[in-house]
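**Q** My questions will all concern the structure given below.
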Amino acid sequence: MNVIEKAPDCCNNAGAQVELNFEKIFSTNPDSVKPLKKVFSKGGFDFEQIARVDLWAVYRKRDPQWPKDSWSFEVIKIHVRPFEVTYNRQYQPREVYPRSEDWGERAFTYQTEKEALERLQRETMEPSMLAK
């Protein structure tokens with residue numbers, strides 16, 4: 001069901017008419033969340049997902065100008081953004097990479113794949129297993 005509504009005053013597009021697809025907005029189907037890409041480029045870097053457990057992932061990061069065997073590794077907790085309407089555009093629920101402000105809390109950089117995978121393991125272990 002699609003409905004045309006005026007965006008509330010609190011939105012970036014206050015007063016604009018926006019067509020809303022309520023089946024997509026209120027879907028409880030986890031498949032309706034657009035997953036974070038496994039391979040992408042951003043900010044002059046190439047990223048490739050090498051491991052994932054639930055919402056935690058390890059990405060290999062490389063500047064194309066670095067030597068071929070030079071990588072850093074980012075361990076991230078993926079954030080799921082809800083349905084949003086911004087500037088008259090609908091954004092479906094989607095996974096996103098952490099913001100710069102998240103580093104040190106839900107995102108970490110390592111120089112070796114081994115260190116990154118160890119951090120992933122620590123972050124995804126059940127709390128009861130950590131005491132052992």
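The values are calculated or read from the model by the stated rules, or taken from the named source; none is laboratory data. This one's a predicted model, so the numbers in the text were calculated from it and none came from an experiment. Cβ coordinates were reconstructed from backbone atoms using ideal geometry, including for glycine residues, and neighbour counts include every protein chain displayed.
**Q** Under 6 Å by Cβ, and 6 or more places apart or on different chains, what pairs join a residue from segment 91-113 that is outside any strand (DSSP E or B) with one that is modelled with pLDDT of 95 or more and β-branched (Val, Ile, Thr)?
**A** So the pair list comes out as Pro98/Ile76.
**Q** Can you tell me which residue is modelled with the lowest pLDDT among those in segment 50-64 that are surrounded by 11 or more Cβ atoms within 10 Å (Cβ to Cβ) and in a loop (DSSP other than H, G, I, E, B)?
**A** Asp63
**Q** Scan Ser70, Ser32, Ser41, Ser100 and give me the residue that is more than 12 Å from the chain's Cα centre (by Cα) and surrounded by 13 or more Cβ atoms within 10 Å (Cβ to Cβ). Before you say what the answer is, go through the steps one by one.
**A** Numbers: Ser70 fails: surrounded by 13 or more Cβ atoms within 10 Å (Cβ to Cβ); Ser41 fails: surrounded by 13 or more Cβ atoms within 10 Å (Cβ to Cβ); Ser100 fails: surrounded by 13 or more Cβ atoms within 10 Å (Cβ to Cβ).
Residue meeting the stated conditions: Ser32.
**Q** Sticking with this structure for a sec: Of everything in segment 20-49 that's in a helix (DSSP H, G or I) and not hydrophobic (A, V, I, L, M, F, W, C), which residue is modelled with the highest pLDDT?
**A** Ser32
**Q** Hey, can you tell me all the residues within segment 85-112 that are in contact with a Lys or Arg (Cβ under 7 Å, 6 or more places away or on another chain) and at positive phi?
**A** Passing the criteria: none in range.
**Q** Right, here's the next one. Given the criteria in contact with a helix residue (DSSP H, G or I) (Cβ under 9 Å, 6 or more places away or on another chain), surrounded by 14 or more Cβ atoms within 10 Å (Cβ to Cβ), in contact (Cβ under 8 Å) with a residue 12 or more places away in the chain and within 20 Å of Lys34 (Cα to Cα), does Phe83 qualify?
**A** yes
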